[in-house]
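A short worksheet on the structure shown next.
The values are calculated or read from the model by the stated rules, or taken from the named source; none is laboratory data. As the structure is a prediction and not an experimental result, all values here were calculated from the model. Because the Cβ atoms are built from the backbone with ideal geometry, glycine has one as well, and the counts that use them run over all protein chains shown.
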Amino acid sequence: MLILVALAVVVATVPLTGGRITRLATRRFRGVALLVASFVLQLLVVSVLPGSLHTLSAVLHVASYALAAAFLAVNRWVVGLVVIAIGGALNAVAIAANGGEMPASRSAVASAGLRLSRAHFDNSGLVAHPRFGILGDVFAVPRWLPAHNVFSVGDVVILLGVGYLVHRECRAPSGAPE
(Lines give C-alpha, C1' and ligand atoms only; values in the text may rest on other atoms or scores of the structure.)
Protein backbone atom coordinates (compact mmCIF):
# COMPACT_ATOMS: atom_id res chain seq x y z
CA MET A 1 0.00 0.00 0.00
CA LEU A 2 2.83 2.40 0.88
CA ILE A 3 4.46 1.91 -2.51
CA LEU A 4 1.14 2.53 -4.29
CA VAL A 5 0.74 5.82 -2.42
CA ALA A 6 4.28 6.84 -3.37
CA LEU A 7 3.64 5.90 -7.01
CA ALA A 8 0.44 7.96 -7.00
CA VAL A 9 2.46 10.96 -5.76
CA VAL A 10 5.03 10.44 -8.54
CA VAL A 11 2.29 10.30 -11.20
CA ALA A 12 0.42 13.27 -9.70
CA THR A 13 3.55 15.44 -9.83
CA VAL A 14 4.16 14.86 -13.55
CA PRO A 15 1.80 17.66 -14.73
CA LEU A 16 3.23 19.97 -12.06
CA THR A 17 6.62 19.71 -13.75
CA GLY A 18 5.26 20.26 -17.26
CA GLY A 19 5.13 16.60 -18.23
CA ARG A 20 2.35 14.50 -19.70
CA ILE A 21 1.66 11.10 -18.20
CA THR A 22 0.39 9.89 -21.60
CA ARG A 23 3.99 9.98 -22.86
CA LEU A 24 4.75 7.04 -20.59
CA ALA A 25 2.50 4.87 -22.79
CA THR A 26 4.94 5.24 -25.69
CA ARG A 27 7.76 3.49 -23.80
CA ARG A 28 8.03 -0.15 -24.82
CA PHE A 29 9.57 -2.60 -22.38
CA ARG A 30 10.80 -6.11 -23.09
CA GLY A 31 9.87 -9.05 -20.89
CA VAL A 32 6.81 -7.46 -19.28
CA ALA A 33 5.59 -10.97 -18.38
CA LEU A 34 8.60 -11.29 -16.06
CA LEU A 35 7.54 -8.19 -14.15
CA VAL A 36 3.90 -9.30 -14.01
CA ALA A 37 4.96 -12.73 -12.69
CA SER A 38 7.12 -10.99 -10.07
CA PHE A 39 4.14 -8.93 -8.87
CA VAL A 40 1.89 -12.01 -8.83
CA LEU A 41 4.40 -13.86 -6.63
CA GLN A 42 4.63 -10.84 -4.31
CA LEU A 43 0.83 -10.78 -4.03
CA LEU A 44 0.81 -14.49 -3.21
CA VAL A 45 3.41 -14.05 -0.49
CA VAL A 46 1.84 -10.92 1.00
CA SER A 47 -1.91 -11.51 0.56
CA VAL A 48 -2.63 -15.19 -0.07
CA LEU A 49 0.01 -17.13 1.88
CA PRO A 50 0.95 -14.81 4.76
CA GLY A 51 1.58 -16.66 7.96
CA SER A 52 1.61 -20.09 6.38
CA LEU A 53 3.98 -22.38 4.53
CA HIS A 54 7.15 -20.57 5.60
CA THR A 55 9.51 -22.38 3.21
CA LEU A 56 7.23 -21.97 0.18
CA SER A 57 6.62 -18.31 0.99
CA ALA A 58 10.35 -17.65 1.39
CA VAL A 59 11.17 -19.36 -1.92
CA LEU A 60 8.42 -17.44 -3.75
CA HIS A 61 9.60 -14.19 -2.19
CA VAL A 62 13.16 -14.69 -3.43
CA ALA A 63 11.87 -15.90 -6.82
CA SER A 64 9.84 -12.69 -7.22
CA TYR A 65 13.06 -10.70 -6.93
CA ALA A 66 14.79 -12.96 -9.46
CA LEU A 67 11.98 -12.36 -11.96
CA ALA A 68 12.12 -8.60 -11.39
CA ALA A 69 15.91 -8.70 -11.84
CA ALA A 70 15.47 -10.51 -15.16
CA PHE A 71 13.03 -7.81 -16.30
CA LEU A 72 15.49 -5.09 -15.29
CA ALA A 73 18.34 -6.87 -17.07
CA VAL A 74 16.54 -7.08 -20.41
CA ASN A 75 15.57 -3.40 -20.15
CA ARG A 76 18.85 -2.09 -18.73
CA TRP A 77 19.18 0.63 -21.38
CA VAL A 78 16.09 2.45 -20.02
CA VAL A 79 17.23 5.42 -17.95
CA GLY A 80 16.13 5.03 -14.36
CA LEU A 81 16.00 1.24 -14.35
CA VAL A 82 19.60 1.02 -13.18
CA VAL A 83 18.65 3.00 -10.05
CA ILE A 84 15.61 0.75 -9.54
CA ALA A 85 17.86 -2.31 -9.97
CA ILE A 86 20.24 -1.01 -7.29
CA GLY A 87 17.34 -0.59 -4.86
CA GLY A 88 16.04 -4.04 -5.72
CA ALA A 89 19.49 -5.52 -5.21
CA LEU A 90 19.74 -3.92 -1.76
CA ASN A 91 16.40 -5.50 -0.83
CA ALA A 92 17.35 -8.85 -2.39
CA VAL A 93 20.59 -9.02 -0.38
CA ALA A 94 18.71 -8.46 2.89
CA ILE A 95 15.98 -10.95 1.95
CA ALA A 96 18.31 -13.68 0.71
CA ALA A 97 20.60 -13.31 3.74
CA ASN A 98 17.63 -13.77 6.08
CA GLY A 99 16.03 -16.90 4.69
CA GLY A 100 13.69 -15.19 2.25
CA GLU A 101 12.29 -12.67 4.72
CA MET A 102 13.03 -8.94 4.88
CA PRO A 103 14.19 -8.18 8.42
CA ALA A 104 12.26 -5.40 10.11
CA SER A 105 13.54 -3.43 13.07
CA ARG A 106 11.47 -3.59 16.26
CA SER A 107 11.40 0.21 16.50
CA ALA A 108 10.13 0.64 12.93
CA VAL A 109 7.46 -2.04 13.47
CA ALA A 110 6.35 -0.35 16.71
CA SER A 111 6.29 3.11 15.09
CA ALA A 112 4.17 1.82 12.21
CA GLY A 113 1.84 0.05 14.63
CA LEU A 114 2.30 -3.33 12.98
CA ARG A 115 1.84 -6.67 14.71
CA LEU A 116 4.54 -9.00 13.47
CA SER A 117 5.90 -12.13 15.11
CA ARG A 118 8.67 -14.60 14.53
CA ALA A 119 6.12 -17.43 14.71
CA HIS A 120 5.25 -17.28 11.02
CA PHE A 121 6.48 -15.94 7.69
CA ASP A 122 5.97 -12.29 6.83
CA ASN A 123 7.48 -10.74 3.72
CA SER A 124 8.86 -8.25 6.25
CA GLY A 125 9.24 -9.61 9.73
CA LEU A 126 11.05 -9.77 13.00
CA VAL A 127 14.14 -11.88 12.44
CA ALA A 128 15.97 -13.19 15.52
CA HIS A 129 19.51 -12.32 14.39
CA PRO A 130 19.18 -10.35 11.14
CA ARG A 131 22.02 -10.30 8.66
CA PHE A 132 22.49 -6.98 6.86
CA GLY A 133 19.84 -5.56 9.18
CA ILE A 134 20.63 -2.00 8.06
CA LEU A 135 19.25 -2.97 4.63
CA GLY A 136 16.02 -4.21 6.19
CA ASP A 137 12.80 -2.37 6.94
CA VAL A 138 14.29 0.11 9.39
CA PHE A 139 12.16 3.15 8.50
CA ALA A 140 8.47 3.64 9.25
CA VAL A 141 5.49 5.68 8.28
CA PRO A 142 3.93 6.26 11.72
CA ARG A 143 0.69 4.49 12.61
CA TRP A 144 -1.25 7.77 12.75
CA LEU A 145 -0.71 8.37 9.01
CA PRO A 146 -2.54 6.62 6.20
CA ALA A 147 -0.61 3.73 4.60
CA HIS A 148 1.49 3.28 7.75
CA ASN A 149 4.10 0.63 7.21
CA VAL A 150 7.81 -0.13 7.38
CA PHE A 151 10.24 0.33 4.52
CA SER A 152 13.91 -0.04 3.64
CA VAL A 153 16.66 2.00 2.07
CA GLY A 154 16.23 -0.25 -0.99
CA ASP A 155 12.57 0.81 -1.20
CA VAL A 156 13.63 4.47 -1.12
CA VAL A 157 16.16 3.90 -3.91
CA ILE A 158 13.55 2.02 -5.98
CA LEU A 159 11.05 4.87 -5.62
CA LEU A 160 13.70 7.46 -6.53
CA GLY A 161 14.45 5.43 -9.67
CA VAL A 162 10.76 5.14 -10.52
CA GLY A 163 10.28 8.86 -9.98
CA TYR A 164 13.24 9.68 -12.22
CA LEU A 165 12.12 7.24 -14.93
CA VAL A 166 8.50 8.46 -14.93
CA HIS A 167 9.42 12.14 -14.96
CA ARG A 168 12.08 11.68 -17.63
CA GLU A 169 9.77 9.67 -19.88
CA CYS A 170 6.88 12.12 -19.43
CA ARG A 171 8.70 15.32 -20.26
CA ALA A 172 8.55 16.87 -23.72
CA PRO A 173 11.16 15.63 -26.21
CA SER A 174 13.98 18.14 -26.81
CA GLY A 175 12.88 20.84 -29.22
CA ALA A 176 9.26 19.63 -29.30
CA PRO A 177 6.50 22.14 -28.59
CA GLU A 178 4.43 21.53 -25.45
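List of remarks:
- Residue match in the range 68-80 (condition: modelled with pLDDT of 85 or more, surrounded by fewer than 16 Cβ atoms within 10 Å (Cβ to Cβ), within 16 Å of residue 124 (Cα to Cα) and not polar (S, T, N, Q)): no
- On the stretch given as the range 42-80, residues that are farther than 26 Å from residue 161 by Cβ, in a helix (DSSP H, G or I) and in contact with a Leu (Cβ under 8 Å, 6 or more places away or on another chain) total 2.
- Residues that are in contact (Cβ under 8 Å) with a residue 12 or more places away in the chain, of a type in the set (D, E, K, R) and in a helix (DSSP H, G or I) occur at least once in the range 146-157.
- Among the residues of the range 27-36, those that are in a helix (DSSP H, G or I) and without any contact (Cβ under 8 Å) to a residue 12 or more places away in the chain comprise 33, 36.
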